[in-house]
């Protein structure tokens, strides 16, 4: 069974917006979406990231990943799915999970959730958090960032 080493669901109020322009892998929030963990004996971890993309009828092409300082530890294109008809207010949840190996067992590491934009649609943005109100397009759910020991 997998063991969660570190995890966070960050759901701020008001909502946060990221993206909309071409960008190399960039930390999303080095205060609230940074995780510290100890590398398991196997030197292998799995990273899971999930968030929401919304705001246009066509979608920007984002990668989600992790940075250790300025070092890219891993990144990949997330899978997504429309939750309704493709309109500007459609929420498209996206999620990815990937394995990172070759880490030094016992090391204490700090990793930041990150994104890059490979094809930009100005209004197609990563959004998370919100007001928890009955107001259209004001709440987008949290940004999930998890690091797992999949060998335990």
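Some points to look at:
- Highest average packing first - 50-57, 124-131, 12-19, Cβ atoms within 10 Å: 50-57, 124-131, 12-19
- Fewest-first sequence of 147, 100 by Cβ atoms within 10 Å of each Cβ: 100, 147
- Most mobile listed residue (22, 49, 67) in the chain, GNM with C-alpha springs under 10 Å: 22
- Mean separation of Cα contacts under 8 Å (6+ apart) over length of the range 80-151, as relative contact order %: 18 percent
- With the biggest extent put first, the Cα atoms of the chain measure 47, 31, 27 Å across the principal axes.
- The fewest-to-most ranking of 143, 98, 37 by surrounding Cβ atoms within 10 Å reads 98, 37, 143.
- Counted by neighbouring Cβ atoms within 10 Å, the residues 111, 148 run from fewest to most as 148, 111.
- With R₀ set to 25 Å, the beta-carbon distance separating residue 31 from residue 132 gives a calculated FRET efficiency near 0.70.
- The simple spin-label model puts a point 7 Å past each Cα toward its Cβ; for residue 41 and residue 99 those points are separated by 1.9 nm.
- Calculated SAXS-style log₁₀ I(q)/I(0) at q = 0.21, 0.23 Å⁻¹ - the range 63-152, Debye, Cα scatterers: -1.17, -1.32
No value in this document is a laboratory result; all are computed from the given coordinates. As the structure is a prediction and not an experimental result, all values here were calculated from the model. Glycine also receives a Cβ, built like all others from the backbone with ideal geometry; neighbour counts cover every protein chain displayed.
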